[in-house]
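K.L.:
Provided herewith is a single structure, encoded as structure tokens, for subsequent inquiry.
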Amino acid sequence: MKVRVDLDVCVGHGRCYVLAPEVFGEDERGRCVLKFTDVPPDLEAKARRGEENCPEAAICIEDD
Ligand code: SF4
């Protein structure tokens, strides 16, 4: 699984890194910073949780 974030769309709500801090972090403006682009299998559910809860649909997941 790969995860991407569109920083032109991310406005820094922070839901992703509150709900799944193992996968998502934040920059100094509160916007999403990915900790992985290739998500380890044991964190795939967390990555999906972040994607599903992003109000801006800024997170995109691609299954292998
Ligand atoms: S939840 Fe979405 S809009 Fe908010 S910080 Fe994460 S990627 Fe950005």
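K.L.:
Run the dipole for the chain about the Cα centre, Lys and Arg Cβ at +1, Asp and Glu Cβ at -1, nothing else charged, and hand back the magnitude in debye, nearest 20.
P.N.:
220
K.L.:
Something else: Please report Rg over Rh for the chain, where both radii come from the alpha carbon positions and Rh follows the Kirkwood definition.
P.N.:
0.92
K.L.:
Still on this structure, I have one more. Quote the relative contact order of the chain in percent (integer), defining contacts as alpha-carbon pairs under 8 Å separated by 6+ residues.
P.N.:
Worked out over the chain, it gives 46 percent.
K.L.:
On C-alpha positions alone, give me the angle between the axis of helix 44-53 and the longest principal axis of the chain, in degrees, nearest 10.
P.N.:
Helix 44-53 sits at roughly 30 degrees to that axis.
K.L.:
Taking θ = phi - 60°, what integer Hz values does the Karplus form 6.51 cos²θ - 1.76 cosθ + 1.60 yield along the range 19-34, in sequence order, with x for Gly and Pro?
P.N.:
7, 9, x, 5, 10, 10, x, 9, 8, 5, 9, x, 7, 5, 10, 6
K.L.:
Taking neighbour counts of Cβ atoms within 10 Å as a proxy for exposure, in what order, fewest first, do 49, 4 appear?
P.N.:
Least to most surrounded, the residues fall as 4, 49.
K.L.:
Looking at the range 10-49, which GluC sites (Glu not before Pro) are in a loop (DSSP not H, G, I, E or B) and have at most 12 other Cβ atoms within 10 Å?
P.N.:
Loop-located and lightly packed - 28.
FYI, it's all coordinate maths here, none of it is from the lab. Quantities reported herein were computed from a predicted structural model and do not represent experimental measurements. Every residue, glycine among them, receives a Cβ derived from its backbone with ideal geometry; neighbour counts consider all protein chains shown.
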